[in-house]
Amino acid sequence: MLSQESPREVISPEQDQRMLSTPVLCYIFKDKYLPPPIFHRLIAACITRWPVAKKKETSENLIFCGCCIFDVDLFHRLTLYCRSHIVFARITRMVIDEAKIPDTKLCTRVRKFISLNLNKIISYLSQNLQYGLSVQCTSSQGVSDDSKVYFSPMFDIWFAEESHAHDAPITPEHMNHARLCVALVTVCGNAMREVLRTKVPAQHTDIYQAILANKGKLTGRPGRPLLNPSQINVVFPDPQGKKTGTLDQFDISLLYILIRNISAVQAPIITGWGNDPQDQPRDTSLGASVERIRSFRNHITGHSPDAKISRQDLEDYWTKFEAVIRDIEKVIGRQVCSQELDRQKRQVISVYEAC
């Protein structure tokens, strides 16, 4: 590829009355790893779609090491560049007219083209790579600062057409709900798995033996088996019934049934099984903690009318999550999920602080 570095004004142009740029779209690769050939091939794919822009004064092609600018149409330019493990894209409207922002339909088309070709390239090179899409926030003064880059998983002009098409734009409250769902499934779900692994009835060597020993109880209860057909297929994937699925395949509802019916966990002291113990904060038993997680699952995912959570409710739920995980770890006698919950909490806080 070219050896000439892109000038700073190409990456961070000064806004003036003649042009207006979108926020920078960021393809952030997991594990901070992006092989250079992937970006090189992406540039090549874009060259087949749009001409490389030229510098007005010298007619020099605006292509550099790790950066290329394209004339998407008569009015818009695409700047595509790469730094470390992140691919950045920005569209700039270059003319004075009644339009105050870059064309939203064009932004959507460009994003889809980049994403489609990026996925094709990753697949072609047989790379097991994953990336996330975010929009780069500027600093509080509205000027890009290379030493401090903020990321926020928000929707803006790059996704405006899709939001309008469905008449349901993604809001911060939707993102709060998504964050809670992730914490619920990963952290609280893993905590329940540890409870099930730890509290195996004395007559069994491990939880899988306990599940096999209770197959009749779980599947053959007259009139109303404990497990529904889809759960039975997950727990007993072997038609001959000689092995079970793994705990990592069990969701919170299934884990709850197994803990309640075949583990050594005792029912909540005050409320018993099947009742919400949220009004009994002094009951910190494993059974109460399991019931609290079941209640979280019902309220956050099962019974949510609009998939929205306010910031205050997000913080309240996070405090409840921390208390439940702390109670479980205290009874089990070791850390199981608190560090992961702290990590996710720091991510949420950083997003709010950045924006």
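Only residues that are in contact with a Pro (Cβ under 9 Å, 6 or more places away or on another chain) and assigned to a strand (DSSP E or B): list them for the range 68-86, please. So that I can check it myself, show each step before the final result.
Taking the range 68-86 as the starting set, the residues that turn out to be in contact with a Pro (Cβ under 9 Å, 6 or more places away or on another chain) are 70-71, 75-76, 79, 82.
Across the range 68-86, the qualifying residues are Phe70, Asp71, His76, Thr79, Cys82.
Any residue in the range 54-79 that is more than 20 Å from Cys107 (Cα to Cα) sitting within a Cβ distance under 7 Å of a residue that is in a loop (DSSP other than H, G, I, E, B) and hydrophobic (A, V, I, L, M, F, W, C)? List the pairs, counting only those 6 or more apart or interchain.
Every condition considered, the pairs that remain are Lys54/Leu62; Lys55/Leu62; Leu62/Ala53; Ile63/Leu2; Phe64/Leu2; Cys65/Met1; Cys65/Leu2.
Suppose we filter Ile309, Ile300 for residues that are assigned to a loop (DSSP other than H, G, I, E, B) and of a type in the set (Val, Ile, Thr); which single one remains? Write out each step before concluding.
Values: Ile300 fails: assigned to a loop (DSSP other than H, G, I, E, B).
After applying the criteria, what remains is Ile309.
Could you give me the residue pairs with C-beta distances under 8 Å whose first residue belongs to the range 166-194 and is of a type in the set (Asp, Glu), whose second residue is at pLDDT below 90 and not in a helix (DSSP H, G or I) wherever it lies, and which are 6+ apart or on separate chains?
Glu173/Lys308; Glu173/Ile309; Glu173/Ser310; Glu194/Val336; Glu194/Cys337
Go through the range 95-118 and give me each residue that's buried (at least 17 other Cβ atoms within 10 Å of the Cβ) and either assigned to a loop (DSSP other than H, G, I, E, B) or of a type in the set (D, E, K, R) (or both).
Correct list: Pro102, Asp103, Arg111.
Out of Ala191, Ala178, Ala89, Ala183, report the one residue that is part of a strand (DSSP E or B) and at pLDDT 65 or above. Step through it out loud before you land on a result.
Values: Ala191 fails: part of a strand (DSSP E or B); Ala178 fails: part of a strand (DSSP E or B); Ala183 fails: part of a strand (DSSP E or B).
Checking each option against the conditions leaves just Ala89.
Just a yes or no: is a residue in the range 135-142 assigned to a loop (DSSP other than H, G, I, E, B), out of contact with any strand residue (DSSP E or B) (no Cβ under 8 Å at 6 or more places or on another chain), at pLDDT 90 or above and more than 23 Å from Phe159 (Cα to Cα)?
No, the range 135-142 contains no residue that is assigned to a loop (DSSP other than H, G, I, E, B), out of contact with any strand residue (DSSP E or B) (no Cβ under 8 Å at 6 or more places or on another chain), at pLDDT 90 or above and more than 23 Å from Phe159 (Cα to Cα).
Considering only the range 196-230, state which residues are in contact with a Ser or Thr (Cβ under 8 Å, 6 or more places away or on another chain) and assigned to a helix (DSSP H, G or I). Reasoning before the result, please.
Looking only at the range 196-230, we keep the residues that are in contact with a Ser or Thr (Cβ under 8 Å, 6 or more places away or on another chain), and these are 196, 199-201, 207-208, 210-212, 225-227.
Leu196, Ile207, Tyr208, Ala210, Ile211, Leu212, listed by residue number.
Determine, yes or no, whether Arg221 is of a type in the set (D, E, K, R), modelled with pLDDT under 85 and either more than 15 Å from Leu254 (Cβ to Cβ) or surrounded by 18 or more Cβ atoms within 10 Å (Cβ to Cβ) (or both).
In short, yes.
Output the number of residues of the range 252-270 satisfying the condition of being touching a Gly at 6+ places or on another chain (Cβ under 9 Å) and not in a helix (DSSP H, G or I).
Qualifying residue count, the range 252-270: 5.
Mind checking which residues of the range 262-283 are touching a Lys or Arg at 6+ places or on another chain (Cβ under 7 Å) and free of Cβ contacts under 8 Å to residues at least 60 places away in the same chain?
Scanning the range 262-283 gives Trp273, Pro277, Gln278.
Anything in the range 264-312 that is among the hydroxyl-bearing types (Ser, Thr, Tyr) and surrounded by fewer than 22 Cβ atoms within 10 Å (Cβ to Cβ)? List them, or say none.
The first filter runs over the range 264-312 and keeps only residues among the hydroxyl-bearing types (Ser, Thr, Tyr), leaving 271, 284-285, 289, 295, 301, 304, 310.
Within the range 264-312, Thr271, Thr284, Ser285, Ser295, Thr301, Ser304, Ser310 meet the criteria.
Filtering the range 195-218 down to residues that are within 35 Å of the chain's Cα centre (by Cα) and not aliphatic (A, V, I, L, M), which residue is surrounded by the most Cβ atoms within 10 Å (Cβ to Cβ)?
Lys199
The values are calculated or read from the model by the stated rules, or taken from the named source; none is laboratory data. All values reported here derive from a predicted model rather than from experimental measurement. Positions of Cβ are backbone-derived with ideal geometry, glycine not excepted, and every protein chain shown enters the neighbour counts.
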